[in-house]
1. How big is the charge dipole of the chain about its Cα centre, in debye rounded to the nearest 20, if each Lys and Arg gets +1 on its Cβ and each Asp and Glu gets -1 on its Cβ?
2. Using amide H atoms built 1.01 Å from N in the peptide plane, name the residues 5+ places from Tyr50, or on other chains, whose amide H lies under 5 Å from its own.
3. Could you list which residues have their amide H under 5 Å from that of Ala274, counting only those 5 or more apart in sequence or on another chain, with H placed in the peptide plane?
4. Using a 10 angstrom cutoff on alpha carbons, build the Gaussian network for the chain and name the most mobile of Val139, Val209, Val84.
5. Return the calculated 222 nm mean residue ellipticity for the chain, to the nearest 500 deg cm²/dmol, obtained by summing -39500 (n - 2.57) across DSSP H runs with n ≥ 4 and dividing by the residue count.
6. Measure off, as a whole percent, the carbon and sulfur share of the 1.4 Å-probe accessible area of the chain, all protein chains present.
7. With N set to the residue count of segment 81-229, report its C-alpha Rg divided by 2.2 N^0.38 Å to two decimal places.
8. List the residues whose amide H sits under 5 Å from the amide H of Ile28, counting only those 5 or more places along or on another chain, with H placed 1.01 Å from N in the peptide plane.
Amino acid sequence: MVLAFALDNSYSIDKEELKNDKKSCKKIGPAGFGQKAIYLNSFYIDRMWYLPWDEVDRVFKRVAMSKGGFSGKGAFASLSYLVVLMKNGKEKQCLFKHEEDVDRALTYIKQEHPQIPVYSKTAEKKLKEAKVMLEKNYVKNLSNESKKAIQKLENAKEYLEQKPVMTQRLSRAAGKMRVQQMVPKSSRFLGISIFIISILTVLLGTFFVLKGATYGKYMLLFGFAFFLFSLTGNLLPIGSNKRERIEEEWENAVIELRNYIAKSPDFPVPARYAHPVVIDRMIRLIKQGKATSINEALEGVKKDLKALNASVTVSQEEYDEVTQVKPMFLVSEYK
């Protein structure tokens, strides 16, 4: 049985080694990350292709809009790809169902293979330029209080980065909570109604097909189409989409982080906001002279996030930060 195909004929891994490596690899979404190689999906099959780590030049995320619309909702949501650039210049783009899995994959690569860049060359250049522009606004002679606050925040960030899965879980749970809060009851009622109608249509279609009626197959087709629409629309309060389940995930994520930061004496940020991006933004405010203490910096972050809404234009880097942490503040009502 074929374990995986090489992306390029210029290299190969012993079959037995490949078997063991693929079996023990870290599975994230449709991809896998072993000791010897990264395993990538085809359109239909997970972890079908492999590429030795020595052949990987850089790995990064690419987000595109699905064909048919730019609403960012339902069937027209964004498409998330993990892009692997090989040292021979070739590129392999792998579609992921969930964008957070791409982020998890990049975090894992960053930890296990720090020599591999996790940004595209264009994004890397823009980040460097943005950093230079940002540093121009930093205060040159900070007070001792500000320096101590920055050092404390940097230590806290380093402590959090030892457990990236926890902060990712917190961000993801907050995002789901926020989506849950934003969906109006009328939309949920519509989703349930479509689901019930689709089930009835499928049952009636099956009945008429058995009776030999020509239109029975069309009823089945439309019934299944509406059934899938009701499931992908995230409007049905079932499974992981139940309100109680989502609230429990958020509470568990906060408790997990609270227990973790309790081991770090005098941690400067509440568990519900314990995320490296939050701390980065606090540090920047202090360096810009907009805050001198940790409390002032946290309040400054809250103020900045409150001011950002759909009518405000921001850079891609700012957008990436805000989407990670603003839901935490929204579901906590900025308390």
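1. Details: 54 positive and 38 negative charges, 117 e Å.
Charge dipole of the chain: 560 debye, to the nearest 20.
2. Long-range HN contacts for Tyr50: Phe5, Ala6, Leu7, Leu40.
3. Counting only residues 5 or more places away or on other chains, the set is empty.
4. Of Val139, Val209, Val84, the most mobile in the Gaussian network model is Val209.
5. -17500 deg cm²/dmol
6. 56 percent
7. 1.76
8. Phe33
The values are calculated or read from the model by the stated rules, or taken from the named source; none is laboratory data. Not measured: the values here are computed from a predicted model. No Cβ is skipped: glycine too gets one built from the backbone with ideal geometry, and neighbour counts run over all protein chains shown. Protein only, heavy atoms only, side chains kept; ligands, DNA and RNA dropped before computing areas. Shrake-Rupley method; radii C 1.70, N 1.55, O 1.52, S 1.80 Å.
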